[in-house]
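See below for the structure under consideration.
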Amino acid sequence: MPQWPRLPHPELAYDAGGAPASQHFNDIYFNPADGIAESEYVFLTGIGAPECWRNRQTFTIGETGFGTGLNFLLAWAMWKRTAPAGSVLNYIAVEGYPLDRDQLRTALQPFTDLSPLTNGLLDAYPVRHGGFHRLNFEDGRVTLTLLFGDVELMLNRLTGRIDTWFLDGFAPSRNPAMWSDAVLARIAGLSAPDAAFATFTAAGHVRRGLQAAGFSVSKTPGFGRKKERLVGRLDRQPIEPDPHWSTPPPSLATGSRIAVIGSGIAGSSAAYSLRTRGFDVTVFDDSGTPGGGMTGNPAVILSPKPPAEGSLAGRLNAVAFIDSIRRYEALHARTGDIWVGPRGVDALSTSPPAADRRARALAALGWPKSIACMVDDPALSPFPIARFAQSGCIDPVAACRALNPDVRAATVARIDETDAGWRLIDGDGRTVWSGDAVIVAAGAYSTRLAELAQTPLYTNRGQVSLIHPDSLPGVPENGFSFDGYLSPAVTVNGRTLRVLGSSFAGWRDLADRDWRTTSETDHDVCLNALHQAIARPRPMSVQPADLWAGLRAAPPDRAPLVGAVCNETEFLERYADLRNGKDPAANPPYREGLYILAGLGARGYQLGPLLGDVIADLIAGTPPALEKDVLEAINPARFLARGLKRGDSSFENDAAAE
Ligand code: SAM
């Protein structure tokens, strides 16, 4: 099974009126005479919209065949007109041959009534990258999860429950793969109780396939000259997935009171995503300010590491990078203070083989040149450089503030579970909050606060130098990364500086809070790294305008810790048979209501916004923004499960997992 879903191009042809058709499948995307009327009739009327979502806080539509997005836009438009205030629409669509943005624009141009929504979709539409992409509209109250890849592979990677289905995958006679028994069975497997479906086809084998999968099926009149189409409902108990150590806990009711500990990018993102889903969120941080410990660091650079094929953490990093750019664009459009300095980031390599590896990794991703390409720039490096034109630097405090402006000052010393829920206790033993659930997003301190004694989180201190641009004459002005990174000149709070980072050293004693104290030695370390990277003799001295230090923490496999927290002792007992190669069919012993979002390491600002959605989906019980295998790779209990399978509890092998 390929790790990166390959994405063939759609091979479009257009009729005289500009309506698209697939040359490959010899079929149309929508009715060229009246696309809107047919789609509304077949799909929206077919599922019983808008009545089906009238009393629903959350409603989830699944679609096989996103195509031009017309069905999505029509569902969004109707939902916007008719849904209860504060409710959320989740739309999940599979697409194996994604159109690019220009093709989408051309196809949707005739539908002028939909223009505002179309423009929103075009702005957010992702690049061709196999896997899941989460797009948010209406302040997060409409989510679109695009599953780019073959239908069977993508549905097998999806978890959660779908309330209703649009089955729209070209005529079954021309595209049997979209209607195979395996696909229809998986559709039934993902269906919520009483889930509905609607489709334009009335083909006999589709009807029989849907019935065999557990749907009751009716033939109803088709649109225009089409005689019939099928609609129906799941006519059996929903299929429960086998219990597994990674099975998620029950969801929480909308409106539940949730505390987030940590106002950095992880906590701010979680707070933002949870609020859009209707939860009552309070963020705590000892700093009492958005961004927490980032105050004083004017810019972080978004420089992705193109992942090796086959690595789950790498797959997450790649999609999170694209996702973060999209989300910061949206935040910047609102606040104007997120991106700082000119756009574009170059990633330097230290040798020709290293540059070669990077080029191959980028080629495997298949991103368009507008996102990433290899270039030669002898002024910057003797070796080929990876250029990320849309990337750049963001002001970390501004980003956190835009996501969550209000932070309560408190140093949380303990999290207590009581009969009535959860309590946060400060260092003086005072209860500072009580409520239904807690998310620990406290960086290096997270596993300690969540009492995860057997879940490794290694902490490093990193120092950056803030340097006046004139102090670095001859150094290229753009932002670039090497073993460290140098930002372009950025202006934040009236100061124009370049940020040079970062030193890197283990910090073992978390009780020792002296990591904030900066040192000249670390400044020299950063300067040396810079001058080696760009092959220039080191200037005699560069006085920093300021220095800043922070902690970063990551597990040994460098994938973050995201999910619900288990009782470790009970987990080890319950799954002891993993040692003998048996998989006990049991649900995990959760400490219900306790979650962790930590271990983002040096890529917090790339990972955070997407992982905020992941934790919010988990808590709301809505289908996740990430694939099943990636979710397992970031599940906090993975170290316990791996240790049991290996028969030890050392984490050495986990370090090599990426
Ligand atoms: N609902 C779409 C719209 O609103 O524009 C039209 C969908 S079009 C009729 C069918 C879609 O299914 C095409 O976009 C096609 O690329 C996609 N498709 C076909 N075979 C597929 C497969 N095996 N896996 C995933 N998508 C597939």
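The values are calculated or read from the model by the stated rules, or taken from the named source; none is laboratory data. Quick caveat, the model's predicted, so the values are computed rather than measured. Positions of Cβ are generated from backbone atoms using ideal geometry, with glycine treated the same way; all protein chains shown enter the neighbour counts.
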Search region 312-338 for residues being free of Cβ contacts under 8 Å to residues at least 12 places away in the same chain and of a type outside the set (A, V, I, L, M, F, W, C), and hand back the single one that is farthest from Ser269 (Cα to Cα). Gly336
The one condition in (1) in a loop (DSSP other than H, G, I, E, B); (2) at pLDDT 95 or above; (3) within 23 Å of Lys628 (Cα to Cα) that Glu240 fails to fulfil: (2)
Within region 478-523, which residues are closer than 25 Å to Ala554 by Cβ and without any contact (Cβ under 8 Å) to a residue 24 or more places away in the chain? Asp509, Ala511, Asp512, Arg513, Asp514, Thr521
Select from region 20-37 the residues that are touching a strand residue (DSSP E or B) at 6+ places or on another chain (Cβ under 7 Å) and more than 10 Å from the ligand (Cβ to nearest atom) and list them in ascending order. Gln23
If I filter region 357-379 for residues that are over 19 Å from Pro126 (Cβ atoms), buried (at least 20 other Cβ atoms within 10 Å of the Cβ), in contact with a strand residue (DSSP E or B) (Cβ under 7 Å, 6 or more places away or on another chain) and among the charged types (D, E, K, R), do I get at least one hit? yes
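When you go through Thr164, Thr112 one by one, which is the residue that is closer than 21 Å to Ser39 by Cα, under 26 Å from the mean Cα position of the chain (by Cα) and at pLDDT 95 or above?
Criteria check complete, one pass: Thr164.
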Exactly one of (1) near the ligand (Cβ under 10 Å from one of its atoms); (2) surrounded by 14 or more Cβ atoms within 10 Å (Cβ to Cβ) is unmet by Pro8. Its number? (2)
Going by what's in this entry, would Val345 be described as in contact with an Asp or Glu (Cβ under 8 Å, 6 or more places away or on another chain) and buried (at least 19 other Cβ atoms within 10 Å of the Cβ)? no
Selection from region 469-503 of residues that are farther than 20 Å from Gly344 by Cα, modelled with pLDDT of 90 or more and assigned to a loop (DSSP other than H, G, I, E, B): Ser503
Among the residues of region 250-286, which ones are in a loop (DSSP other than H, G, I, E, B) and in contact with a Cys (Cβ under 9 Å, 6 or more places away or on another chain)? Ser263, Gly264
Return yes or no: is Ala49 exposed (fewer than 15 other Cβ atoms within 10 Å of the Cβ), more than 12 Å from the ligand (Cβ to nearest atom) and among the hydrophobic types (A, V, I, L, M, F, W, C)? no
Looking at region 530-545 only, could you name the residues that are under 17 Å from Leu348 (Cβ atoms) and at pLDDT 90 or above? Leu530
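Please find, among Glu63, Glu40, the residue that is within 16 Å of the ligand (Cβ to nearest atom), assigned to a helix (DSSP H, G or I), charged (D, E, K, R) and at pLDDT 95 or above.
Checking each option against the conditions leaves just Glu40.
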In this structure, is Leu144 within 16 Å of the ligand (Cβ to nearest atom) and either surrounded by 21 or more Cβ atoms within 10 Å (Cβ to Cβ) or free of Cβ contacts under 8 Å to residues at least 24 places away in the same chain (or both)? yes
Identify the residue in region 68-109 that is hydroxyl-bearing (Ser, Thr, Tyr) and assigned to a helix (DSSP H, G or I) and, among all such residues, is farthest from the ligand (Cβ to nearest atom). Thr82
With criteria (1) under 28 Å from Thr159 (Cβ atoms); (2) more than 16 Å from the ligand (Cβ to nearest atom); (3) part of a helix (DSSP H, G or I), Arg56 comes up short on (3)
Filtering region 147-175 down to residues that are more than 13 Å from Thr64 (Cα to Cα) and of a type outside the set (S, T, N, Q), which residue is farthest from the ligand (Cβ to nearest atom)? Arg161
Under 8 Å by Cβ, and 6 or more places apart or on different chains, what pairs join a residue from region 7-28 that is of a type in the set (Val, Ile, Thr) with one that is near the ligand (Cβ under 9 Å from one of its atoms) and part of a strand (DSSP E or B)? Ile28/Pro20; Ile28/Ser22
Checking Trp179 against (1) farther than 22 Å from Leu618 by Cα; (2) within 28 Å of the chain's Cα centre (by Cα); (3) crowded, with 18+ Cβ neighbours inside 10 Å; (4) within 11 Å of the ligand (Cβ to nearest atom), the condition it does not meet: (2)
Quick one: which of Ile338, Ile322 is at pLDDT 95 or above, under 22 Å from Phe137 (Cα atoms) and surrounded by 20 or more Cβ atoms within 10 Å (Cβ to Cβ)? Ile338
Looking at (1) over 18 Å from Pro624 (Cα atoms); (2) hydroxyl-bearing (Ser, Thr, Tyr); (3) away from the ligand (no atom under 16 Å from the Cβ), which is the one condition that is false for Tyr125? (3)
Checked region 113-139 for anything in contact with an Asp or Glu (Cβ under 8 Å, 6 or more places away or on another chain), under 18 Å from Leu74 (Cα atoms), crowded, with 19+ Cβ neighbours inside 10 Å and not polar (S, T, N, Q); matches are none
Tell me, please, whether a residue that is over 17 Å from Tyr485 (Cα atoms), under 19 Å from the mean Cα position of the chain (by Cα) and not in a helix (DSSP H, G or I) can be found in region 315-335. no
Restricting the first residue to region 158-171 and requiring it to be over 7 Å from Ile61 (Cα atoms), which pairs with a second residue that is within 13 Å of the ligand (Cβ to nearest atom) and acidic (Asp, Glu) meet a Cβ separation below 9 Å and a spacing of at least six or different chains? Phe166/Glu63; Leu167/Glu63; Asp168/Glu63; Phe170/Asp27; Ala171/Asp27
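Going by the structure shown, is Ala13 near the ligand (Cβ under 10 Å from one of its atoms), on the phi < 0 side of the Ramachandran plot, out of contact with any Leu (no Cβ under 6 Å at 6 or more places or on another chain) and not in a loop (DSSP other than H, G, I, E, B)?
no
Okay, residues lined up against (1) surrounded by 15 or more Cβ atoms within 10 Å (Cβ to Cβ); (2) among the aliphatic types (A, V, I, L, M):
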position	(1), (2)
Gly484	yes, no
Gly501	yes, no
Arg508	no, no
Cys526	yes, no
Pro544	yes, no
Gly550	yes, no
Arg558	yes, no
Leu578	yes, yes
